[in-house]
Amino acid sequence: MVALKKTNWYLLFFQYLGLVLTIMLLNACSTQEGKKSGDKSDIPVEESRDIKNIAKIDIHTHYRFDRPYLVEELKALNMQTTLVDVVRTEAGKEVRSWDNYLAMQKQYPNRFSLCSGFNADGIDDPNYAESIIEQLGKEIKEGARMVKVWKNFGMVHKDATGAFIQIDDARLQPIWDFLSEANIPVMAHIGEPLQAWQPIDTLNPHHSYFKNHPQYHAYQHPEIPHYDTIMAARDRWLAKNPKLTIMGAHLGSMAHDVDEVAKRLDQFPNFMVEPGARFGDLVRQDSRKVAAFFNKYQDRILYGSDIVISQPESELSKEDIAGGKAFMHKVLHLHWKYLSSDESFDFDSPVLPRIYKTKGLNLSKEILQKIYHDNAVKLLNLKQ
Ligand SMILES: [Zn+2]
């Protein structure tokens, strides 16, 4: 794929905001003029592909705070989302979003489902697994339908011996046994994109993330275990827990090559994946190859966006809020266009440091229905 020279994405973003306002005006005009419902000449192509016709579940979001536009935008997309907790430890304190998510879910019970989480803090304590199981048991009762583990397993947490704690650590096994018994799947963001272990490559969609988060740019930290070590631990964990459904977030950190993801899906029947924040890797690969991957594994791929709302509304200006709405609209429609259309277009996502030329995957309505909805209903055991 040819990558266009980087354009200032802020500029693109505000140009897009202008476009959104223009579209809103055009739509308002067309209503006033009583245009026939079949006439879509003033609706952007991505919207004319009936985005609303398929009920959707975004399996990977972090909407910690409400926004005036949030539920309205989700309704317009016919979309529910799963609120995913990422448990971190910062300066000795546990950082979580669980209470915010509980409040959001209470307010909109049919819009949001919940994913709990835990990390390796305290793993040397003999009661560690027991206390995590107690926490998860409580949160499952409160509504958690999935449990997330993050890249701090493998890359950040060390035990008392100074060893990095990998996800197949024997001390975690009672937790996996508990979750498989409770029929609760695990969402696993283990490892990072391969770029983390390589020198910065400005063509890579992740280069600005690692520039801005150097603590995860493993290339600069030789003490962090190698990519292959972390992937091998993840694979041993998958093999050791055949009854536990493990959903690899970010395409299992193998998004640079869908063949690598396919190998694991073939090897581990308990493995599923979602592409949140990895569309930049997909659009760089041959769309025929990626479409074949989605076709072949249509029952084991879910839709995820990884969109974050991290600040309360009170901390933001009107412009920030309008920008957030335009961002969400843009990203979700761009994903839909990539998955559903057969067009060649510029994948100009505001989360990416550059524009990539790509071609839509042209997935059938049946496959879109599975990826956007049915597979998530099964995974989360939702009643629809
Ligand atoms: Zn995420």
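With a 1.4 Å probe and all protein chains kept in place, how much accessible area does Asp259 have, in Å² rounded to the nearest 10?
Accessible surface of Asp259 is approximately 80 Å².
With a 1.4 Å probe and all protein chains in place, put Glu139, Glu72 in order of accessible area, largest first. Don't skip to the answer; put the middle values down first.
On the way: Glu139 10, Glu72 105 Å².
Most to least solvent-accessible, the answer reads Glu72, Glu139.
Can you bin every Cα-Cα distance in the chain into 20 Å intervals starting at zero and give me the percent of pairs per bin, rounded to whole numbers?
All Cα pairs, binned at 20 Å, distribute as 27, 60, 12, 0 percent.
May I ask you to give the solvent-accessible area per residue for the stretch 168-322, in square angstrom, as obtained with a 1.4 angstrom probe?
Details: 6570 Å² over 155 residues.
About 42 Å² of surface per residue is accessible.
Go ahead and estimate [θ] at 222 nm for the chain from helices alone: -39,500 (n - 2.57) per DSSP H run with n ≥ 4, summed, over the residue count, rounded to 500.
On the way: 15 runs with 150 residues, N = 384.
That comes out to -11500 deg cm²/dmol.
Of Thr202, Thr81, Thr245, which has the most accessible area and how do the rest follow, probe 1.4 Å?
Numbers: Thr202 80, Thr81 0, Thr245 50 Å².
Most to least solvent-accessible, the answer reads Thr202, Thr245, Thr81.
Quantify, in whole percent, the carbon and sulfur part of the accessible surface of the chain (1.4 Å probe; protein heavy atoms only). Display every interim value, and only then the final one.
On the way: 9140 of 17480 Å².
On the chain, the fraction of accessible area on carbon and sulfur atoms equals 52 percent.
The stretch 179-246: which trypsin sites (Lys or Arg not before Pro) are DSSP loop and have at most 14 other beta-carbon atoms within 10 angstrom? Write out the running numbers ahead of the final one.
Working: sites: Lys211, Arg234, Arg236, Lys240, Lys243; in loops: Lys243.
Sparse-neighbourhood loop trypsin sites (Lys or Arg not before Pro): Lys243.
Please arrange Val308, Val283 by accessible surface area, largest first, computed with a 1.4 Å probe and ligands excluded.
Values: Val308 75, Val283 0 Å².
The most accessible residue leads, giving Val308, Val283.
Loop-only GluC sites (Glu not before Pro) in the stretch 180-288, please: DSSP not H, G, I, E or B, and at most 15 other Cβ atoms within 10 Å. Write down the numbers at each step before the final one.
On the way: sites: Glu181, Glu223, Glu260; in loops: Glu223.
In loop regions of the stretch 180-288 (DSSP not H, G, I, E or B), the sparsely surrounded GluC sites (Glu not before Pro) are Glu223.
Just read off the accessible area of Arg264 with the full protein assembly in place, 1.4 Å probe, to the nearest 10 Å².
Ignoring ligands and nucleic acids, Arg264 comes out at about 30 Å².
Where in the chain are the helices, taken as whole DSSP H runs, whose Cα atoms extend 24 angstrom or more along the long axis and whose Kyte-Doolittle mean reaches at least 1.0?
On the way: long enough: 9-32 (34 Å, 1.27); 318-340 (33 Å, -0.33).
Flagged H segments are 9-32.
The values are calculated or read from the model by the stated rules, or taken from the named source; none is laboratory data. No experiment lies behind these values; they were computed from the predicted model shown. Here the Cβ is made from the backbone with ideal geometry for all residues, glycine too, and neighbour counts use every protein chain on show. When the accessible area is computed, the model is the full protein with side chains, heavy atoms only, and any ligands, DNA or RNA have been set aside. Shrake-Rupley method; radii C 1.70, N 1.55, O 1.52, S 1.80 Å.
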